[in-house]
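Here the structure comes first, spelled out in structure tokens, and everything after it is commentary.
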Amino acid sequence: MVSLSVGIMLSTSFLHALPSAFESNADPRTLFAFLLAGLLAFFLLEKFAVLRHSHHHEGDGHHH
């Protein structure tokens with residue numbers, strides 16, 4: 001439930017900040033590039049964390 005709550009809070013704050021970014025004088029292509037790079041970076045970070053996660057402990061006496 002904590003992960004869901006954090007995701008909702010972050011997405012809500014991001015969606016409220018996004019229109020302000022487009023109202024600025026910044027190039028829309030640059031904004032979309034940063035948005036895509038950020039989403040891709042967090043996706044890859046999450047995939048890397050899942051791949052590195054392991055429950056195997058050496059010397060615990062259990063062989064599965």
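The values are calculated or read from the model by the stated rules, or taken from the named source; none is laboratory data. Since we're looking at a predicted model, the values are computed, not measured. Virtual Cβ from ideal backbone geometry, glycine too; neighbours counted across all protein chains shown. Protein only, heavy atoms only, side chains kept; ligands, DNA and RNA dropped before computing areas. Shrake-Rupley method; radii C 1.70, N 1.55, O 1.52, S 1.80 Å.
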*asked:* I'd like to know if the range 14-27 contains one or more residues that are modelled with pLDDT under 85, within 13 Å of the chain's Cα centre (by Cα) and surrounded by 10 or more Cβ atoms within 10 Å (Cβ to Cβ).
replied: yes
*Just need a number here: residues in the range 29-40 that are open to solvent by less than 100 Å² (accessible area, probe 1.4 Å) and at pLDDT below 90.*
3
